[in-house]
Amino acid sequence: MDITLTVIGLMVGFLVGLTGVGGAALLTPILIMLGISPTIAVGTDLVYNSITKVFGAFQHWRQKTVNFQIALYFAIGSVPSAVVAVNVIHWLEHLYGGTDVIIKKILGVALILIPIVMIIKTFRSQRDPKPNKWQLKTTAEKRGITIAIGVILGFIVGLTSVGSGSLFALALMYFYSLSGKQVVGTDIAHAFVLVTAAGLAHASFGTVDYPIVLQLLSGSIPGVFLGSILSTKVPTTFLRIAISTIILISGIKLL
């Protein structure tokens with residue numbers, strides 16, 4: 001039992017519970033910095049993420065804050081795309097080797113993009129702008145664009161494990177006129193399906209370290225509950241920006 005991993009899980013879980021952002025974007029680079037192979041780090045994070053998100057998805061389902069039609073459209077594009085991404089990485093490793101370097105560079109770029117998206121999402125959530133042309137369309141009319149977004153972002157998640165929450169949440173906020181609770185609920189429900197599929201794909205190639213998953217969960221589960229309790233008492237906007245800055249620095253270091 002490595003107490004370091006438990007503490008890391010506690011810290012990441014606490015920050016996610018407190019601010020709602022940064023889980024995979026914080027955890028994957030930390031695992032890499034601890035000397036874990038990028039491929040193993042991504043696969044392990046996806047499985048860990050799947051387990052943590054099932055609780056949130058179930059709670060939002062009970063609260064009726066999930067738009068299942070939108071989540072389904074996202075999943076139609078994202079799930080096969082993420083699985084393809086995992087297979088591409090392992091195919092390249094089999095033919096040429098050195099995919100850990102590729103993943104590390106792609107992850108670095110993603111970790112520069114993600115905090116920018118998170119900051120935009122934070123400030124957009126504080127405003128109530130007039131509906132744009134996409135928000136005025138029906139969900140059925142946006143089926144094609146929603147599936148296409150799923151394909152693009154799902155591929156990124158399959159390669160790096162990051163973005164299943166922040167990137168899709170920003171897309172929900174821009175293309176759909178949903179309440180804050182619906183954005184969070186739909187985002188988490190879809191993310192659960194996406195990271196589960198990607199995690200299973202990694203597991204099929206043996207790139208998941210299950211003891212690490214269990215040790216991270218031993219810290220993150222109480223961390224999420226503690227962070228959630230304190231979330232109503234701490235100014236989360238400042239914390240989200242601080243976390244985004246840390247993630248940005250991590251991305252630059254990985255490059």
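The values are calculated or read from the model by the stated rules, or taken from the named source; none is laboratory data. Remember, predicted model here, so these are calculated numbers, not experimental data. For neighbour counting, all protein chains shown are included, and Cβ atoms are generated from backbone atoms with ideal geometry for every residue, glycine included.
Per-structure values
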| read-out | value |
| --- | --- |
| Only one of Val224, Val151 that is crowded, with 20+ Cβ neighbours inside 10 Å, within 17 Å of the chain's Cα centre (by Cα) and touching a residue at least 24 places away in the same chain (Cβ under 8 Å) | Val224 |
| Residues that are in contact (Cβ under 8 Å) with a residue 24 or more places away in the chain and either part of a loop (DSSP other than H, G, I, E, B) or crowded, with 21+ Cβ neighbours inside 10 Å (or both), drawn from region 204-221 | Phe205, Thr207, Val208, Asp209, Ile212, Val213, Gln215, Leu216, Gly219, Ser220 |
| Residue tally, condition surrounded by fewer than 21 Cβ atoms within 10 Å (Cβ to Cβ) and in a helix (DSSP H, G or I), over region 58-74 | 8 |
| Some residue of region 160-178 being surrounded by fewer than 24 Cβ atoms within 10 Å (Cβ to Cβ) and under 16 Å from Ala57 (Cα atoms) | no |
| Subset of region 1-55 [over 28 Å from Thr99 (Cα atoms), small (Gly, Ala, Ser) and assigned to a helix (DSSP H, G or I)] | Gly13, Gly17 |
| Selected residue [modelled with pLDDT of 85 or more and either among the hydroxyl-bearing types (Ser, Thr, Tyr) or closer than 22 Å to Val151 by Cβ (or both)] from Val7, Val83, Val47 | Val83 |
| Looking only at region 110-142, and only at residues there that are exposed (fewer than 13 other Cβ atoms within 10 Å of the Cβ) and within 23 Å of the chain's Cα centre (by Cα), the one that is modelled with the highest pLDDT | Phe123 |
| Single unsatisfied condition, Ser164 versus (1) in a loop (DSSP other than H, G, I, E, B); (2) among the polar types (S, T, N, Q); (3) farther than 19 Å from Ile106 by Cβ | (3) |
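Rundown of residues vs (1) without any contact (Cβ under 8 Å) to a residue 40 or more places away in the chain; (2) closer than 23 Å to His190 by Cα; (3) under 16 Å from the mean Cα position of the chain (by Cα), yes/no style:
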position	(1), (2), (3)
Thr44	no, yes, yes
Ile51	no, yes, yes
Phe74	no, yes, yes
Pro80	no, yes, no
His90	no, no, no
Glu93	no, no, no
